[in-house]
Amino acid sequence: MAIISEKDLQPIYDVIVVGSGAGGGQSAYTLTMNGVKVLMLEAGRNYDPVTETPMFQIPSQMPLRGMGTREKPFGFTDATVDGGWEVPNEPYTQASADPKTHFKWWRPRMLGGRTNHWGRISLRNGPYDFKPYSRDGLGFDWPISYEDVAPYYDKVEMLVGVYGSNEGLENTPDSPNGTLLPPPKARAGELFVKKHIAKHGLPVIPIHRAVLSTRQDHVNFPARLHPNNPKAQKIIAKAMQERAACFWATDCGRGCSIKANYQSTTVHLPPALATGNLDILCNAHAREVTVGADGKATGIIYIDKVTGQERAVKAKAVILAASSGETARIMLNSKSNRFPNGIANGSGLVGKYIMDTVGGRLGGTVPAFENLPVHNEEGAGTHVYIPWWLYKEASKLGFARGYHIEFGTGRRMPGMGTGGASPGYGKSYKEEVRQKYGSGIGFSGRGEMIPNENSFCELDPTTKDKWGIPVLRFHWKWSDHELKQAEHMEQTFHMIIETIGGKPGKMSKTKEEAIEAPGSIIHEVGGAIMGADKAKSVTNQWNQCWEVPNLLLNDGSAFCSNADKNPTLTIMALAWRASDHLVEEMRKGNL
Amino acid sequence: MLTNMENTSAESPNRIDRRAAIKWMGAVVAAATVSDNLLGATKEPGAKAIAGAGKIIGTDPVLNKTYTTPQGMKDVGYVGNVPSVDFAGPTPEALKHLGLA
Ligand SMILES: Cc1cc2nc3c(=O)[nH]c(=O)nc-3n(C[C@H](O)[C@H](O)[C@H](O)COP(=O)(O)OP(=O)(O)OC[C@H]3O[C@@H](n4cnc5c(N)ncnc54)[C@H](O)[C@@H]3O)c2cc1C
Ligand code: SF4
């Protein structure tokens, strides 16, 4: 089995996985390591980071010197191919003309999805994050607790490789000894911030990122990952040895040709393919889940994007992991006599409670950083961050939940516009640029959004994509919790920049201005939430649809809250947990 | 600067996304401004910013690419983009410069 073309499709598979990103990659990995025959359908093209990543290119070697364009919003060398805020022939719509209600939808269309270029920040949800309703009466509790997920966080961290440290801070879980890889040293500017803001009670600690700061322990990890499964141990031990450690030079957003960071295409899919149990079909856009007379899922109808032909494939179970919005869309488009409003949508909750992360930002310049003695500050993006530090003050803040702070400093690769809008002349100009280069600092807040009734998606009654498939229409409204949180972020950043003697950028005039546009943080989750009560949720705690137990939702769609912890590590942990459960149910003959 | 990052959106596709701020912190922060009176100005609609730009570019057709070449990088004292076994961290001189030694 391998990356196949349509003529090689088997008549029936054990499981079809739709999507090849974090959720789909993890699902395929777990299933195939357990001997399950899997077909993965991916709407985008095949993509190989080993041969396609422009690791060392500098802007003068790139079209437009690396600037962003419509096709390449994050610049020329970004790993994204064929994806973005707009995807040709695949529109989405907004319910209202008011821009404040618009949801920006970033969609990948490539093997590996967004994991090829994501930020690799990999934080565990803490115990509070699974029980937010119990703590403040807002949103929903998960039907699982931190303890249920912790063993899967351990496994995912070992499998993908995550650097970080254990700090013992509130609701910021430690990992078992020997699970994390050592964190890289903090940069000069990061240490400077740490020293000066300690008096305000803000901790600056190593961040957790899915980057191999050292090579993985290929001797001990395999047995911890796959006890009693010698074949799987052998495969993953080999795959771990094929990954190099980070060489601290390039931009992870381009992807990593030496496999030192996590992307599904370098970490999940190669070992899954090595089992011989995985077929991957690219350019296959799933349109709907088919259902049998017994109400169970029987397979997928997809469009071959190359020929435009519609095809059906069959399986005993189906996993949707097409990114939460697209998963909701496929479900809403899967209409049958049994499920007139979309598959597994008896509750009417498919598409409801979509969430992004609350974003806020402020930059500044710091005179102390000027003329910093020359040294290398590149390599593996973020090294440190500030976790949410005000749990004890929650009742005084005027908003619920919290945020963490990511920030950047340093003498990083110059780009277009370094040295001002237009070139200056003479020695003094060059000296000034040299003096000021590297003196910038930027802060970004990443906070928790509470799910609400006014933020949802549904099928647009008229607009269809190129293949005639109804598209999503979005509705959005922040609550005051999010708006106030964004305002608080900006005030905090302003305070930090002043504390380090810097000159902060301009503050927003209103809290509506302080918050980043809905969708722009690209942490989309929700739309088919899990719960303990089948009338009030779409899936159970195993990501299994209540009404269709052989249909699983293994991306962020089943999230019923969106902690400030960035969703991807949790997506993978839950996908592993759900896939383990699926294997067991299949063995027992329960599906 | 981060504050100079504008959202790319369906309506203004030629802008770099501010989401890139964190992801591309490298290019962004590298671009220390020569004139910092423009900090934050991109929150005004219509201004265009560029990854790595410390300034608003506006509609100026002449973009500053001085520092995107190997020579420019040398001029400014950029020494990254070269593989090394470990991340060495700040040098003793750099720490001293910041009063951290
Ligand atoms: C710039 C950026 C930075 C980020 N940084 C972080 C970070 O630091 N930390 C973090 O936790 N998260 C981060 N994220 C979010 C992270 O990328 C996602 O949470 C994660 O990739 C979600 O995995 P997924 O499997 O649900 O979806 P995706 O990775 O989006 O994969 C979905 C796949 O499904 C395919 N697909 C879609 N529709 C169909 C269809 N109908 N049929 C077949 N296939 C289909 C897509 O082509 C895609 O390959 C970032 C995202 C971006 C864009
Ligand atoms: S910094 Fe390290 S992990 Fe990131 S792309 Fe470069 S080598 Fe790979």
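Only one of (1) farther than 30 Å from A:Gln435 by Cβ; (2) more than 16 Å from ligand 2 (Cβ to nearest atom) is not met by A:Thr265, so which one is it?
Exception for A:Thr265: condition (2).
Here's a check for you: in the stretch A:22-51, which residue that is within 14 Å of ligand 1 (Cβ to nearest atom), polar (S, T, N, Q) and over 18 Å from the mean Cα position of the chain (by Cα) is farthest from A:Val87 (Cα to Cα)?
A:Thr30
Out of the helices (runs of 4 or more DSSP H) lying entirely within the stretch A:161-267, which hold 1 or more residues that are aliphatic (A, V, I, L, M), more than 24 Å from B:Pro90 (Cβ to Cβ) and within 16 Å of ligand 1 (Cβ to nearest atom)?
A:264-267
Given the conditions (1) within 14 Å of chain B (Cβ to nearest Cβ); (2) out of contact with any Ser or Thr (no Cβ under 7 Å at 6 or more places or on another chain); (3) within 11 Å of ligand 1 (Cβ to nearest atom), report the number of the one that A:Asn283 does not fulfil.
(1)
Run down A:Phe56, A:Phe74 and say which single residue is aromatic (Phe, Trp, Tyr) and more than 16 Å from ligand 1 (Cβ to nearest atom).
Going through A:Phe56, A:Phe74 in turn, just one is aromatic (Phe, Trp, Tyr) and more than 16 Å from ligand 1 (Cβ to nearest atom): A:Phe56.
Take the residues in the stretch A:238-251 that are more than 14 Å from chain B (Cβ to nearest Cβ) and open to solvent by 20 Å² or more (accessible area, probe 1.4 Å); name whichever of them is farthest from ligand 2 (Cβ to nearest atom).
Only one residue fits best here, namely A:Lys238.
Exactly one condition in (1) under 30 Å from A:Leu169 (Cβ atoms); (2) within 22 Å of the chain's Cα centre (by Cα); (3) within 16 Å of ligand 2 (Cβ to nearest atom) is not met by A:Gly255; state its number.
In the conditions (1) under 30 Å from A:Leu169 (Cβ atoms); (2) within 22 Å of the chain's Cα centre (by Cα); (3) within 16 Å of ligand 2 (Cβ to nearest atom), A:Gly255 misses (1) alone.
Scan the stretch A:1-52 residue by residue and report those that are within 16 Å of ligand 2 (Cβ to nearest atom) and part of a helix (DSSP H, G or I). If you could, list the steps in order and put the result at the bottom.
Filtering the stretch A:1-52 down to residues within 16 Å of ligand 2 (Cβ to nearest atom) leaves A:47-52.
Answer for the stretch A:1-52, where residues must be within 16 Å of ligand 2 (Cβ to nearest atom) and part of a helix (DSSP H, G or I): A:Pro49, A:Val50, A:Thr51, A:Glu52.
Among the numbered criteria (1) free of Cβ contacts under 8 Å to residues at least 12 places away in the same chain; (2) farther than 23 Å from A:Asn550 by Cα, which single criterion is violated by A:Asn283?
A:Asn283 satisfies all of (1) free of Cβ contacts under 8 Å to residues at least 12 places away in the same chain; (2) farther than 23 Å from A:Asn550 by Cα except (1).
Since A:Glu71 meets every condition but one in (1) more than 8 Å from chain B (Cβ to nearest Cβ); (2) in a loop (DSSP other than H, G, I, E, B); (3) in contact with a Phe, Trp or Tyr (Cβ under 8 Å, 6 or more places away or on another chain), which condition does it not meet?
Unmet condition: (3).
Give the residues of the stretch A:92-141 that are at positive phi and not in a loop (DSSP other than H, G, I, E, B), sorted by residue number.
A:Gly113
Yes or no: A:Trp542 among the aromatic types (Phe, Trp, Tyr) and in contact with a His (Cβ under 8 Å, 6 or more places away or on another chain)?
It is true that A:Trp542 is among the aromatic types (Phe, Trp, Tyr) and in contact with a His (Cβ under 8 Å, 6 or more places away or on another chain).
Name the one entry in A:Asn376, A:Asn337 that is touching a residue at least 12 places away in the same chain (Cβ under 8 Å), part of a loop (DSSP other than H, G, I, E, B) and open to solvent by 20 Å² or more (accessible area, probe 1.4 Å).
A:Asn376
How many of the residues in the stretch A:86-121 are within 16 Å of ligand 1 (Cβ to nearest atom) and within 14 Å of chain B (Cβ to nearest Cβ)?
From the stretch A:86-121, those within 16 Å of ligand 1 (Cβ to nearest atom) are A:86-92, A:103-121; that's our starting set.
This time we only want the ones that are within 14 Å of chain B (Cβ to nearest Cβ), so: A:86-88, A:90-92, A:103-108, A:114-121.
Residues flagged as within 16 Å of ligand 1 (Cβ to nearest atom) and within 14 Å of chain B (Cβ to nearest Cβ) within the stretch A:86-121 amount to 20.
The conditions are (1) of a type in the set (A, V, I, L, M, F, W, C); (2) open to solvent by 60 Å² or more (accessible area, probe 1.4 Å); (3) at pLDDT 95 or above, and A:Leu41 fails exactly one of them. Which is it?
Looking at each condition in turn, A:Leu41 falls short on (2).
Residues that are within 16 Å of ligand 2 (Cβ to nearest atom), in a loop (DSSP other than H, G, I, E, B), crowded, with 24+ Cβ neighbours inside 10 Å and more than 25 Å from the chain's Cα centre (by Cα): does the stretch A:356-373 have at least one? Even if it seems obvious, please write down each step before you answer.
Taking the stretch A:356-373 first, the residues within 16 Å of ligand 2 (Cβ to nearest atom) are none.
No, because not a single residue in the stretch A:356-373 is within 16 Å of ligand 2 (Cβ to nearest atom), in a loop (DSSP other than H, G, I, E, B), crowded, with 24+ Cβ neighbours inside 10 Å and more than 25 Å from the chain's Cα centre (by Cα).
Within the stretch A:206-214, is there a residue that is more than 16 Å from ligand 2 (Cβ to nearest atom), in contact (Cβ under 8 Å) with a residue 60 or more places away in the chain and under 24 Å from A:Gly21 (Cβ atoms)?
No: zero hits.
The values are calculated or read from the model by the stated rules, or taken from the named source; none is laboratory data. The structure displayed is predicted, hence computed values, not measured ones. Methodologically, a virtual Cβ is constructed for each residue, glycine included, from the backbone with ideal geometry; neighbour enumeration extends over all protein chains shown. We work out accessible area using only protein heavy atoms, side chains counted, and drop any ligands, DNA or RNA first. Shrake-Rupley method; radii C 1.70, N 1.55, O 1.52, S 1.80 Å.
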